[in-house]
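Report on the structure given below.
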Amino acid sequence: MIHGPSLAIGAAIASIALIVVFLGFDTISNESELVLEPTPTIQESTQTIRESKLPNFSMATFLANGSPILGDPNAPVTLVEFGDYQCHFCNVFFHSTEEDILKNYIETGKVRMIFKDYNIIGPDSITASHGAHCANDQELFWEYHDILYSNWTGENNGWASSENLAKFAQEIGLDMDKWSDCVINETHSQVILASNTDARTLELTGTPAFFVIGPDGKATKISGAQPYVVFESVFEEKLKK
């Protein structure tokens, strides 16, 4: 049986720990390396699909500097998403399309998925990326990715504040000492920078942007929060090859 005083002491300790985390996060707001570029035009849901060989880009441009693979690592088709955790249309994709892709293609071993950062909305986007990569150190990247989009309420309105990011980390059971040290020390700055560089190398003009890479080495670019049927059509075409 847990007594009232014990609960009070525990709550006080937890509150103090969170305060320390929030104060530590203040150092990230002045991060000099991750300077945001002028915000590109955000892609509307107008269908944009283009297939091309990849003559000018190595596969690392698509696969490196991102999340752990979601799904079977040996799946024949790869879906790469470049996104910003504050992006409106990224949130639309997460809530309206991603679940069906997971159920019908990723969980069945046909498609594997990788998420890459393209921070174009604001400073909280960068801090959220740090939070996700630090969660990855504890093998909870996708859980943190999901809780971010599940708590999305807009762009640059404070929902992705350092305080809230720490609360999300607690909610999914991360070791807060390890996670907060990782975020405060900007452990994954170079990976985030490199992912943003990859996005610019690929001449992306907004988020979300997707590349579907088939076993034949061809990539189809899908821009914007397209409906499920668009992804389904591209996946099925790739799976034939």
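The values are calculated or read from the model by the stated rules, or taken from the named source; none is laboratory data. Everything quoted here is computed from the prediction, not taken from an experiment. Quick reminder, even Gly has a Cβ in these numbers, built from the backbone with ideal geometry, and neighbours come from all protein chains shown.
Tabulated results
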{"item": "Selection within the range 163-180 - farther than 25 Å from Thr97 by Cα and either assigned to a loop (DSSP other than H, G, I, E, B) or modelled with pLDDT under 95 (or both)", "result": "Gly173, Leu174, Asp175"}
{"item": "Within the range 189-221, considering residues that are closer than 13 Å to Thr78 by Cβ and β-branched (Val, Ile, Thr), the one nearest to the chain's Cα centre (by Cα)", "result": "Val212"}
{"item": "Residue list for the range 97-155, filter: assigned to a helix (DSSP H, G or I), of a type in the set (D, E, K, R) and in contact (Cβ under 8 Å) with a residue 60 or more places away in the chain", "result": "Asp100"}
{"item": "Members of the range 178-208 that are among the charged types (D, E, K, R) and either under 20 Å from Cys90 (Cβ atoms) or in contact (Cβ under 8 Å) with a residue 12 or more places away in the chain (or both)", "result": "Lys178, Glu186, Asp198, Arg200, Glu203"}
{"item": "In the range 222-241, residue surrounded by the fewest Cβ atoms within 10 Å (Cβ to Cβ) [restricted to those that are more than 20 Å from the chain's Cα centre (by Cα) and of a type in the set (A, V, I, L, M)]", "result": "Val229"}
{"item": "Hey, Ile16 at pLDDT below 80 and out of contact with any strand residue (DSSP E or B) (no Cβ under 8 Å at 6 or more places or on another chain) or not", "result": "yes"}
